Every structure is written in C-alpha cells, then in structure tokens.
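Here the structure comes first, spelled out in structure tokens, and everything after it is commentary.
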Amino acid sequence: MSEEYPYNGRLSRWEEVAPGLAIVGVQSVDPPFPFEAGQYATLGLLGPEGKLVQRPMSVSSSSDRLDEYEFFIRLVEGGAFTPLLWERSVGDPINIKGAKGKFLLQDDGRRCLFVASGTGLAPFMSMIDTLRDRGQTREIHLLHGASYEHDLAWREELGGLEAGGDFPLSYVATISRPQQSPGWTGCTGRVEAIIEPQLDAQGLDPANTTIYLCGNPEMITAVDEIAMGRGFAPEQIRKELYWPKGREH
C-alpha cells in the first residue's frame with residue numbers, strides 16, 4: 001500500500017483523444033489484480049471534503065497485461081469524479097481496485113456484434129486485444145457511435161486490423177453530428193440507427209450471433225428493442241450500461 005493512503009496506484013499515461021476525452025493508464029503500487037476482458041475496475045480520488053470519490057471504469061487493455069490498466073474516460077462537466085481526474089497529471093497518485101463485472105465474451109462459438117456508444121468502446125478493445133494476445137480469433141462486427149469524428153478513439157488501429165485480414169473484424173463508425181466534421185464520409189446518425197442495416201448486410205441473426213452492448217442506457221434500450229423484435233432471446237443480448245440510474249461521473 002502506498003504511504004499516501006488511500007492511494008495505491010499512480011497515473012502512468014494520459015493520451016488526449018479530444019478535449020475532455022482521454023485514454024488513461026494506471027499502474028498499481030499494490031500487487032496487480034487479475035481481470036477478465038470486459039470487466040471494470042474502480043478508480044478513486046479524494047474530493048474537496050476529504051472523502052474518496054470512486055467510479056467504476058471499464059478496462060480497455062488486454063487482460064494478459066497487468067503492468068498497466070488502461071481506461072477510456074470522458075470529462076463530465078459538473079461530475080463528481082472526472083473533474084478531479086482532469087486536475088491530475090501523469091505520476092500523480094490515484095486509488096484503483098478491482099475487478100468486477102459480468103460483461104464477458106461468451107464461449108459460445110457464435111459471431112459477435114459489438115455495439116458501443118462513446119467510451120463504451122473500452123471493454124470491446126480489451127476483448128479484442130486479449131484475443132489477439134492469446135492468438136485466438138472470433139468473428140467480430142464492431143459498431144461505434146460518437147458525436148464527432150475526433151471522438152473515434154482507436155479508429156486507425158481498428159481500421160488497420162480490419163484491413164490486415166489476420167483477425168476477422170469488421171469495423172463501422174458513425175457520428176451523430178456530421179456538420180461539425182465536414183470531411184467525414186462514413187455513416188451518420190446515432191449508432192442504434194445503423195443496427196438494422198448492419199444486421200442485414202452482415203447476415204447477423206438469432207441463429208448465429210450474440211449481441212454485446214455497452215454505452216449509454218438510451219442506446220442499449222433502443223438496440224435491445226430492435227434485437228428482441230428480430231427474435232433475439234434475452235440471453236443473446238449482453239449489456240453493460242454506463243451511468244446507471246442517472247449517476248454521472
């Protein structure tokens with residue numbers, strides 16, 4: 001345990017994707033904890049009243065790498081935790097504990113439809129990188145929705161992975177505010193708006209596919225309704241809601 005109780009880790013990396021959006025690395029001072037791809041850790045910082053403010057954050061790095069835990073985090077103005085985080089710098093102490101969560105890749109041999117909104121991409125990156133680290137493959141169709149083109153973290157990496165042909169991935173990004181990205185030529189609209197065309201284009205149906213949803217509750221509700229309408233059983237629709245019960249970060 002760090003001498004600076006309650007902190008047991010430190011910020012090891014800060015990559016700004018866009019203003020108020022960052023890929024953050026955290027190293028544990030305590031012996032590192034194992035986790036499964038798709039799970040979350042809990043980060044904590046002391047607030048102005050001297051109390052530890054904690055928030056669950058999905059790990060985005062491979063579960064075979066424990067030297068650093070990676071997270072994809074958006075600054076929420078007026079939130080309790082993320083404004084504290086944005087005041088920190090690489091090398092500063094932070095609390096980390098984990099891991100929890102049941103949002104795991106199912107060993108069912110089925111095709112995977114990953115649907116992410118915003119920072120909900122994080123657990124899917126962990127799943128993809130863990131499979132690659134282990135020399136394993138799954139047929140994955142990844143849909144990522146964001147407000148702006150510059151919010152599409154890992155876009156080049158995912159596009160390169162798709163083009164490389166060594167890993168069976170199809171990647172489709174969509175932005176909901178294309179007027180702010182005049183050079184954008186990809187899909188537009190919220191990610192739930194492209195679900196049905198993608199299901200049809202890829203031949204994804206209840207007989208061959210498991211759907212994984214991660215992001216804001218409105219997206220998850222919308223895609224859940226679409227999938228149920230197409231005959232997907234509840235156990236074929238795996239969900240990880242961000243900001244449950246309206247709690248902001």
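The values are calculated or read from the model by the stated rules, or taken from the named source; none is laboratory data. In this text, all values refer to a predicted model and were calculated from it rather than measured experimentally. These area figures cover heavy atoms from the full protein model, side chains too; ligands, DNA and RNA do not enter into them. Shrake-Rupley method; radii C 1.70, N 1.55, O 1.52, S 1.80 Å.
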* the stretch 133-184-the stretch 186-221 distance, computed between alpha-carbon centres (Å) -> 14 Å
* Asked: How much accessible area per residue does the chain have, in Å², with a 1.4 Å probe?
  -> 46 Å²
* For q = 0.13, 0.15 Å⁻¹, Debye-computed log10 I/I(0) when each Cα of the stretch 1-133 counts as one equal scatterer -> -0.53, -0.70
* With everything on Cα atoms, drop me the angle between helix 217-229 and the longest principal axis of the chain, reported from 0 to 90° to the nearest 10. => 30 degrees
* To do: Taking the chain as the reference, fit the longest principal axis to its C-alpha atoms, fit the long axis of helix 122-133 to the helix C-alpha atoms, and give the angle between the two in degrees, 0 to 90, nearest 10.
  => 80 degrees
* Asked: Average projected area of the Cα convex hull of the stretch 120-249, in nm²?
  -> 8.9 nm²
* **With every protein chain in place, the stretch 152-249: carbon and sulfur % of accessible area (1.4 Å)** => 49 percent
* Structure fact -> With a 1.4 angstrom probe the carbon and sulfur portion of accessible area for the stretch 17-151, in percent, totals 47 percent
* To do: Return one number: the angle in degrees, 0 to 90 and rounded to the nearest 10, between the long axis of the Cα atoms of helix 155-164 and the longest principal axis of the Cα atoms of the chain.
  => 50 degrees
* Karplus-derived HN-Hα couplings along the stretch 206-216 (A = 6.51, B = -1.76, C = 1.60, θ = phi - 60°), whole Hz, x at Gly and Pro -> x, 6, 10, 9, 10, 9, 10, 10, 9, x, 6
* List the relative contact order of the stretch 153-249 as a percent without decimals, with contacts defined as Cα pairs under 8 Å and 6+ residues apart. => 20 percent
* To do: State, as an integer percentage, the relative contact order of the chain based on alpha-carbon contacts under 8 Å between residues 6 or more apart.
  => 18 percent
* Asked: Any idea how many Lys pairs in the chain come in under 19 angstrom at the alpha carbon, given 8 or more places apart or on separate chains?
  -> 5
* So what's the stretch 171-243 giving for Cα Rg divided by 2.2 N^0.38 Å, two decimals? -> 1.18
* Overall form of the stretch 87-145 per C-alpha gyration tensor (a/c, 1.5; a/b vs b/c) -> prolate
* **Pairs of alpha carbons in the stretch 95-193 whose separation is greater than 19 Å (percent)** => 45 percent
* Using θ = phi - 60° and the Karplus form 6.51 cos²θ - 1.76 cosθ + 1.60, what ³J(HN,Hα) does each residue of the stretch 110-116 get, whole Hz, x for Gly and Pro? -> 8, 5, 10, 10, 9, 10, 10
